[in-house]
Each structure stands twice: as structure tokens, then as C-alpha cells.
Amino acid sequence: MDNVFLISVIKFVTYVAVVLLAVIILGWVERRISAFMQNRLGPNRVGPQGVLQIFVDVIKLLLKEDIVPKNAYKPIHDLAPIISIAVALSTFAVIPIGNTIELFGSQVKLMIADVNVGILYMLSITSLGVYGVTLAGWSSNSKYSLLGGLRSSAQMISYELSMGLSVIGVLMISGTLRLDQIVLHQARYLGGWLPAWNIFLQPVACITFVVAAFAETNRLPFDLPEAEPELVGGYHTEYSGLKWGLFMLAEYANVITASAVITTLFLGGWHLPYVEGLGLPAFTLSILQVLTFCVKLLLVILFFMLVRWTIPRFRYDQLMRLGWKVMLPLTIANVLVTGLVLLVI
Amino acid sequence: MVSNGKMIREKNLTIWQKAYIPEIFKGLRLTISQIFKPTFTYSYPEERFKPEPSFRGRPVLVQENGVERCVACGLCSRVCPALAIEVQASETELEKERYPIKFEINMVRCIFCGFCEEVCPEEAIVMSNEYELVFTSQEEAVFGKDKLLKSTEELKDRLEFLRNHR
């Protein structure tokens, strides 16, 4: 019992440290990569290649004055960024970053919370994310913030539907809500050579899920809640200092979490194809699988950044039309087709 | 696409273009290819922009054989739209008979229009290629003759440019 508790604590502390550090580093990676895409250099002065730039920025945010508008509702104004960051970080708890690994003489599952409703937990927590944005918009008592908050609530609710429905396809073929089981289900081969990742089994669900993930994380083709030309800063217009910083961190944490979920559900999670036959020692294999997960995660994050500088922002009516008239029928059709195929097989 | 105030929609799209997703990947490929292209950025303090002779930097007085060409006619001062130039004439034993005992350009007022250079009958005031002008006080921004004088060798490119293009 004590051993289990100790392992949980170790897992939790490592997780928080690694993810928060990754979130901060990602801010620098994004700025640098964006700069290269635009033939610029990006921050390269503080520390080697500018890695420390983002730490300096965070220190600056810590030292800044926290300005709350006179007519803002202060308790909720303070609470909103906390909701945003907490929600963004807690989804990661159910993501398996590797298969079981042997530590202190016992088998340890490389995920924080081994819950049997992993997918449901993930969907419900991401849908809480809308509260942070909406409450921030409402409590600021400013029209731009309010419009940003309203837009985001409409957008997130519309795209949550297609997000949930596209997961159902994955759910049907793997027959479980546990994320580690879903990954294990993908660690097979189709016809002996093609890894049975859900991107090959459920391509439509993969595309719709990725689009919905972009909308849920308020990333660029769908970043209407903070569309600068229209809404100043959107829901965080009236925020400053550390509270604004928390929103920024929440955005990057959301990107990491969404990428992790995409990796787990569609890209085979920690599954590294064609290494089972090599007869590697168990520990080496576990480490290799964790590294595989990290590489896949990084590639998906880079994809997020690429899309940001490739596709222009959608208009609001286009966003709603895509959500309700394209994505929703497509996901429902996908569920039906998957059901029929499973019935026939 | 909007032209003449009318919305124009492309009608003859292929099925692949209508599906939108292949087009997205084309766009992504373009974005990726940009990553490996050279950047346009100057890493400023180490790597500086070297202006062409046609560049209009801060105005300077041309110094030939140790003496300024200026004859203190005051035309530059009259033409200056920002009233940045102040000239005080005095007599000299030299052939030109007049010289400026005081020549001041207030660099806070100067708008780098180049009228002084254009109006000067002696080609005595020209625009240099210096663009780094930082002051910590108003007084420091008033450049006297000590800071304005520059030899013909230093201004060779600009003088040549002026002869060819005027």
C-alpha cells in the first residue's frame, strides 16, 4: 500500500514538473519555429539559442502589476485563469506515456490515473475548459472580453459534439474506454506489416478529431475567441501580469494535451512498430516506448504550429457552418459505417 | 475573392480542391519549405545595414583640404522645412571670402528631406549614410561644426552619386 502511494506521488511530481517545464519551453519553440516559417530569426539572445527567453518573460510577468478593471467581478476574475490552467493540465493524467515499467520491484503503469473511463474523463475535463474562457470574458465587464467569451463558448460546445462522436468510432473498434487498452489494441499489425493505428483504421474520425481539437484549444484556424483584429485580445483583454501569463500557459498546456490525446487515440500512443521481434530487454523497451511517445507528441505539436502559419482564420459563420453542417454529419456517418463494418466482420 | 466590389467564387474546382484537405497539405508543404530558407534578419549590433549611396542619412558638411566648402550663404537654413539649420557667417582670407563661424543642425528637428543638399550651390552640405542617432538630452542633439564636418574621402560615394544623378 505504502509502495503504491509512494509511486503515485513520484509519478505526480514528475508529471507536474515535466509538463510545466515543457509548457514553458514550448512557448520558446513556438516563437522560434514561427519565426523560421516567416524567414525571421525569433528570440535567440537569452541563453543558448534563446532558450531562456521564455523564463525571462515569465519572471517579467511575475513582477508586473496585476490590474483588475474597476467594474470587474473580482472573485471570478481571479478564478478564471486558475480554471483554465487546471483544466488544461489535468487532462494529461489519463494519458499513458508508456507500457508498464519495472520500478522498485513492482510493475508500474506509466500513467497517473488508471481510470476505467479514461476517454469520458478526458472529454468531460476538456468541456470544463470553456468555463475558464467564458467566465474570464464575463467577469471582466468589457464588451470585447464578453464577445470573446461568448464566441468561445459557442465554438467549444459546437465542436465538442463532433469531438465526442469521432472518439466513438475509436471506442467501437477497441471496445474499451481505458486509454492504455486502446493503445494496446493499436499495438498489432494489419496484414502482418501495417501497424493497426487508428489513423489507418479510422481516417475520417482522425481528421474530424484533429479539426475539433484545433477548435477546442482555440488555435489559429479557429482562434476566434481571441481574434486580435476584431476583439483586441478577446477574453483576456482585461488581464495583466501573472493572470494573463496563466492564460498563455493554459494555451500551450492545451496544445500539449490535445497532441497527447491525438497521439494516444490515433497514432498508436507509445507503440513503436517492428521492435517486438528484436528481443530487447524489458527495461530498454519501456524507455524506447516512452521516447517514441515523446517523438510522436513533438511531431503533432509541430503540426499544430505549421497549421497556425498556413491556414487563415475562419469567419464566424464559416466556423459554425463547418462545425454543424460538415463535421457533425461526417462523424455520425463515420459511426454508422464503423458499426456496419463491425456487424459484417 | 473580391474584385470590383463583387464576390467572385471559383466555380470550376476539381473534386480534390473541393475536398479541401489535399489543398491544406499543399499549404503545409509550402510552410515547411520556408523553414529552410535563409532569414532576412540583421543581427543588429554585430551585423549592420550598409546603406546605398542613395540613402539619406544625417546631413553633414563637406570638408575639402581641411576647410569646409560652405560659404555661409544661408540657403539651406532658408529652405529647411523643419527650421533645423542655423548659420552665422563671417569673413575669411581664403578665396571664398565667407565661411560659417557657426553652423548648427538640430537633429531632433531634422526630417531628412534632403532639401538642404538640393539647394546648396557649393555642394557643401550632403546627406551621409549614418543613421544611428541616439541622444540623451535636447542639447546633445544640436550638432555643431565639430560633429558635422566630414572629409571628401569619407563622402566619396555620395558625392559621386549626386554628380551622376543630378
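Table for the structure above
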| item | result |
| --- | --- |
| The stretch B:59-164: radius of gyration over Cα atoms, expressed as a fraction of 2.2 N^0.38 Å | 1.02 |
| Computed [θ] at 222 nm, helices only, for the protein assembly as shown once each DSSP H run of length n ≥ 4 contributes -39500 (n - 2.57) | -17000 deg cm²/dmol |
| Using θ = phi - 60° and Karplus 6.51 cos²θ - 1.76 cosθ + 1.60, couplings along the stretch A:113-124 (whole Hz; Gly, Pro as x) | 10, 8, 8, 7, 10, x, 5, 4, 4, 4, 5, 5 |
| Relative contact order (%) - criterion: Cα under 8 Å, at least six apart; region: chain A | 23 |
| Average Cα contact separation per residue, the stretch B:59-164, under 8 Å, 6 or more apart, as relative contact order % | 35 |
| Degrees separating the helix A:53-63 axis from the principal Cα axis of chain A, which is the longest one | 50 |
| Those aspartates and glutamates that a straight Cα-Cα span of less than 15 Å connects to A:Lys109, excepting residues fewer than 8 apart in one chain | A:Asp180 |
| Listed residues B:Ala141, B:Ala89, B:Ala19, most fluctuating in chain B (Gaussian network, C-alpha, under 10 Å) | B:Ala19 |
| Segment A:Asp66-A:Glu276, length gained on full extension (0.36 nm per residue, minus Cα span) | 70.2 nm |
| No Cys partner within the rule (Cβ under 4.7 Å), chain B | B:Cys70, B:Cys73, B:Cys80, B:Cys110, B:Cys113, B:Cys120 |
| Above-threshold pairs, the threshold being 23 Å between Cα atoms, out of A:Lys60/A:Lys296; A:Lys296/A:Lys325; A:Lys325/B:Lys26; B:Lys50/B:Lys156; A:Lys296/B:Lys18; A:Lys60/B:Lys37 | A:Lys60/A:Lys296; A:Lys296/A:Lys325; A:Lys325/B:Lys26; A:Lys296/B:Lys18; A:Lys60/B:Lys37 |
| Using alpha-carbon coordinates, inclination of helix B:21-35 to the longest axis of chain B, degrees | 30 |
| Cα gyration tensor category, rounded, prolate or oblate, for the stretch A:274-345 with a/c compared to 1.5 | oblate |
| Column: log10 I(q)/I(0), Debye, Cα scatterers of the stretch B:8-118, q = 0.18, 0.20 Å⁻¹ | -1.01, -1.11 |
| Nonlocal amide H pairs with B:Arg98, under 5 Å, H built at 1.01 Å | B:Thr92 |
| Test item: B:30-43 mean partner chain Cβ contacts at 10 Å | 4 |
| The stretch A:180-271: relative contact order as a whole-number percent, Cα under 8 Å and 6+ apart | 39 |
| Euclidean distance between Cα centres, the stretch A:271-338 to the stretch A:148-192, Å | 10 |
| Using θ = phi - 60° and Karplus 6.51 cos²θ - 1.76 cosθ + 1.60, couplings along the stretch A:196-201 (whole Hz; Gly, Pro as x) | 7, 6, 5, 5, 8, 7 |
| Efficiency of FRET from Cβ geometry, B:Asn12 and A:Leu128, R₀ 51 Å, rounded to 0.05 | 0.65 |
| Those residues of the stretch A:125-162 whose amide nitrogen sits under 12 Å from the label point placed on A:Leu79, 7 Å along Cα→Cβ | A:131-132, A:135-136, A:139 |
| Around A:Gly149: net Lys/Arg minus Asp/Glu count, Cβ-Cβ under 12 Å | 0 |
| Shape call, the stretch A:130-285: gyration tensor on alpha carbons, a/c limit 1.5 | prolate |
| Cross-link partners of A:Lys143 among lysines (Cα-Cα below 21 Å; sequence separation of 8 or more within a chain) | A:Lys70, A:Lys74, A:Lys243 |
| Residue-averaged beta-carbon neighbours from other chains (10 angstrom radius) around B:97-107 | 0 |
| Overall form of the protein assembly as shown per C-alpha gyration tensor (a/c, 1.5; a/b vs b/c) | prolate |
| In sequence order, calculated HN-Hα J values of the stretch A:331-342 (Karplus, 6.51, -1.76, 1.60; Hz; x Gly/Pro) | 5, 5, 4, 4, 4, 4, 4, 4, x, 4, 4, 5 |
| Tilt relative to chain A, helix A:241-266 - C-alpha long axis, 0 to 90 degrees, to 10 | 20 |
| Loop-located chymotrypsin sites (Phe, Trp or Tyr not before Pro) in the stretch A:260-294 whose Cβ has at most 11 other Cβ within 10 Å (DSSP) | A:Tyr274 |
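Here, each number is a calculation from the coordinates, and none is a lab measurement. Everything quoted here is computed from the prediction, not taken from an experiment. Note that each Cβ is placed from the backbone with ideal geometry, even for glycine, and that neighbours are counted across all protein chains shown.
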